Amino acid sequence: MHILLPKIYPITDARLSAISHAEQVEKLIEGGANFIQLREKYAAPIEFYKSAEIALKSARKHNVKIIINDRVDIALALKADGVHLGQEDISPVEARKILGDKAIIGFSTHSVEQAIEAIRFPIDYVAIGPVYATKTKENPDAVVGIQGLKKVREAIGNFPLVAIGGINSENLSEVYGAGADSAAIVSGLLSDADKINKNYEVLSSL
């Protein structure tokens, strides 16, 4: 059964927001989020584990799903709702064996070819990007553009598709128009920590 993705898929970033993952989760929940990915590229694994543990406790109170970026071990240890994997991470096949049938597994792709390959894996959604130029990754992959997003949608049929990379209020409708089920957003939500909840509300209404 295909997963029902939220229209806006928030991804946390402690450096960008300058607040903890738990604080970001609380603010996103205030704005109406029910599906959040925790992403940590800089802290030591134990620090991420501790931070994610606090965030998960907050999310559980509100029946909000938490996806852990990259770290299958942390997702397993915390009994998170799932994991989001990149091309260089553990195989989705192995992740599924470790986390079980009920876990949500997402997989990042950066081309039509990778997306076609991805839907053969035991995953719940494919992410494609960056759709636009992004500053939240140090070494981003080549921009796929709206045309690339459209080609991926055509290639994978109705498989759940998340667009990511440089998406904001100005280009969001274009992303949906190209076939994305969901838009993963980082900077457009988190760049001003005081407005995270309001940003989520506004973007969700578009």
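Are any residues in region 87-112 in contact (Cβ under 8 Å) with a residue 12 or more places away in the chain, under 23 Å from residue 4 (Cβ atoms) and not basic (Lys, Arg), and if so, which ones?
92, 95, 99, 103, 104, 105, 106, 107, 108, 109
Among residues belonging to region 34-64 that are small (Gly, Ala, Ser) and assigned to a loop (DSSP other than H, G, I, E, B), point out the one that is nearest to residue 182 (Cα to Cα).
Checking each candidate, the answer is 43.
Could you list, in sequence order, the residues of region 93-116 that are within 18 Å of the chain's Cα centre (by Cα) and within 15 Å of residue 156 (Cβ to Cβ)?
Of everything in region 93-116, those that are within 18 Å of the chain's Cα centre (by Cα) and within 15 Å of residue 156 (Cβ to Cβ) turn out to be 106, 107, 108, 109, 110, 111, 114, 115.
With the requirement that a residue be closer than 21 Å to residue 5 by Cβ, touching a His at 6+ places or on another chain (Cβ under 7 Å) and among the polar types (S, T, N, Q), what does region 15-73 give you?
37, 69
I need a count of the residues in region 8-53 that are touching a helix residue (DSSP H, G or I) at 6+ places or on another chain (Cβ under 6 Å) and basic (Lys, Arg).
1
Please work out which residue is surrounded by the fewest Cβ atoms within 10 Å (Cβ to Cβ), limiting yourself to region 65-86 and to residues that are assigned to a helix (DSSP H, G or I) and among the aliphatic types (A, V, I, L, M).
Checked region 65-86; the qualifying residue surrounded by the fewest Cβ atoms within 10 Å (Cβ to Cβ) is 77.
With the condition kept exactly as written, say whether any residue in region 88-99 is of a type in the set (D, E, K, R), assigned to a helix (DSSP H, G or I) and closer than 17 Å to residue 45 by Cα.
Taking every residue of region 88-99 in turn, none turns out to be of a type in the set (D, E, K, R), assigned to a helix (DSSP H, G or I) and closer than 17 Å to residue 45 by Cα.
Restricting attention to region 185-206, which residues are among the aliphatic types (A, V, I, L, M) and surrounded by fewer than 23 Cβ atoms within 10 Å (Cβ to Cβ)?
Selection gives 193, 202, 203, 206.
Could you please find all residues in region 133-162 being of a type outside the set (S, T, N, Q), closer than 22 Å to residue 172 by Cβ and touching a helix residue (DSSP H, G or I) at 6+ places or on another chain (Cβ under 8 Å)?
Across region 133-162, the qualifying residues are 135, 144, 146, 148, 149, 151, 152, 156, 161.
Which residues, counting only those in region 178-206, are touching a Pro at 6+ places or on another chain (Cβ under 6 Å) and in a helix (DSSP H, G or I)?
Residue satisfying the conditions is 189 alone.
Name the residue that is surrounded by the fewest Cβ atoms within 10 Å (Cβ to Cβ), counting only residues in region 119-151 that are part of a strand (DSSP E or B) and out of contact with any Pro (no Cβ under 9 Å at 6 or more places or on another chain).
127
Check whether at least one residue in region 155-172 is within 21 Å of residue 65 (Cβ to Cβ) and touching a His at 6+ places or on another chain (Cβ under 6 Å), and report yes or no.
The answer is yes; a qualifying residue exists.
Going by the conditions given, is residue 48 surrounded by 19 or more Cβ atoms within 10 Å (Cβ to Cβ), of a type outside the set (Asp, Glu) and within 22 Å of residue 125 (Cβ to Cβ)?
no
Each value in this text was obtained by applying a stated rule to the coordinates, not by laboratory testing. Quick caveat: nothing in here was measured; it's all calculated off a predicted structure. When we count neighbours, we look across all protein chains shown, and the Cβ atoms used for this are built from the backbone with ideal geometry, even at glycine.
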